[in-house]
Amino acid sequence: MAGPSDPTAPNKVSGPAIATGMNDPSHRIEQEFTTVKRCGRKKKGATREDLNASGPSQGPQLNLTPASYASAAATVVNAQQGPTPLRTTHTLPPLTEVTVIRHGGHIDNQIELNIRARAADAIVQEVRLNMAKAVSRPIPLRAGRWSVNARSKGNFVYSFNGHIPFDIISLYEHILLSLFLGSG
Amino acid sequence: MGWTRLLVHGVPVTGNDDIVFGPDALLTEVQMLQGLKKAYFAMPPRWLKPVEHIALSYSSITFAVSDPDATISNTLLRGRTALFGKEVTIQKWIDKPALVQCSKCHALGHSRTSAH
């Protein structure tokens with residue numbers, strides 16, 4: 001087993017190798033990392049020198065000096081950048097949510113318990129049915145939910161497809177609130 | 001493959017009249033989803049389980065639509081979707097290959113005829 005003072009022994013711990021004060025960078029890198037063949041894939045821990053040597057797809061390395069950098073910059077100053085690739089932006093369908101604020105619910109506790117015991121989808125189905133009876137083309141009510149849970153203050157959230165102005169929704173107020181028996 | 005099969009969880013089984021939603025009601029409701037109004041259904045919506053075996057208020061349905069460029073399935077999988085007034089969860093149907101087991105050596109992946 002080689003100790004940290006032996007410069008020829010492989011060592012995975014980087015601290016002692018730096019502490020020995022070796023100035024040769026290649027020697028230092030060899031001691032800091034364990035060289036593992038990865039079939040050309042870049043992996044964590046691979047050094048830049050290793051990648052340049054083994055990567056067949058990479059071009060030759062350019063060592064820029066101030067003079068060469070200035071000439072390279074001068075050649076690309078008028079270069080036209082290619083068109084940016086089109087990003088496929090996926091937009092979600094818009095929704096409109098309206099909350100029925102119930103201020104604690106109905107005065108009668110038994111009636112309030114019956115209201116809150118109803119499933120949200122059952123309320124929505126009945127409201128949709130009532131809207132379809134009232135008008136030929138009702139606003140697209142898609143879902144509904146109790147605001148938090150069954151033991152909340154009893155607020156109910158209606159969800160509509162698309163952007164629907166509130167003044168249009170308020171035209172259906174009597175239908176949307178009918179199942180809450182005037183407590184919303 | 002030009003069509004996509006989807007699985008929808010959490011669909012209410014019955015309406016307010018306590019009648020189980022049939023194939024027509026399912027098709028009408030599913031066609032109201034985004035992008036499915038004019039889509040061709042390779043398999044119309046149906047309950048995943050036999051209706052007589054559904055004991056809960058919510059269950060799963062499955063259907064297949066013609067979706068060559070996957071726009072319909074992407075929209076449904078990423079967006080919020082609701083059926084019968086309830087938000088539902090949609091996922092792609094994953095076909096599980098039939099399990100082949102050798103009756104001679106009990107190994108998986110081949111039948112008896114190819115066992116050594």
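Values in this text are rule-based calculations from the coordinates and carry no lab data. Because the structure is a prediction, the values reported are computed rather than measured. Here the Cβ positions follow ideal geometry from the backbone for every residue, glycine too, while neighbour counts run over all protein chains shown.
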query = If each of B:His53 and B:Asp24 carries a label point 7 Å out from its Cα toward its Cβ, how far apart are those two points in nm?
reply = 2.7
remark   = A correct fewest-to-most ranking of B:Val88, A:Val100 by other Cβ atoms within 10 Å would be A:Val100, B:Val88
query = Given the pairs A:Lys133/B:Lys86; A:Lys133/B:Lys49; A:Lys153/B:Lys92; A:Lys153/B:Lys37; A:Lys133/B:Lys38; A:Lys153/B:Lys86, which are separated by over 29 angstrom at their Cα positions?
reply = A:Lys133/B:Lys49; A:Lys153/B:Lys92; A:Lys153/B:Lys37
request  = Can you figure out the FRET efficiency of B:Met43 with A:Glu173, using R₀ = 51 Å and their beta-carbon distance, to the nearest 0.05?
outcome  = 0.80
query = Mind listing which trypsin sites (Lys or Arg not before Pro) in the range B:56-116 are in a DSSP loop and have 16 or fewer other Cβ atoms within 10 Å?
reply = B:Arg80, B:Lys104
remark   = Proxy exposure order for B:Met43, A:Met131 (fewest C-beta within 10 Å first) is B:Met43, A:Met131
Extension gain, B:Lys92 back to B:Trp3 (0.36 nm per residue minus Cα-Cα distance, nm) = 30.9 nm
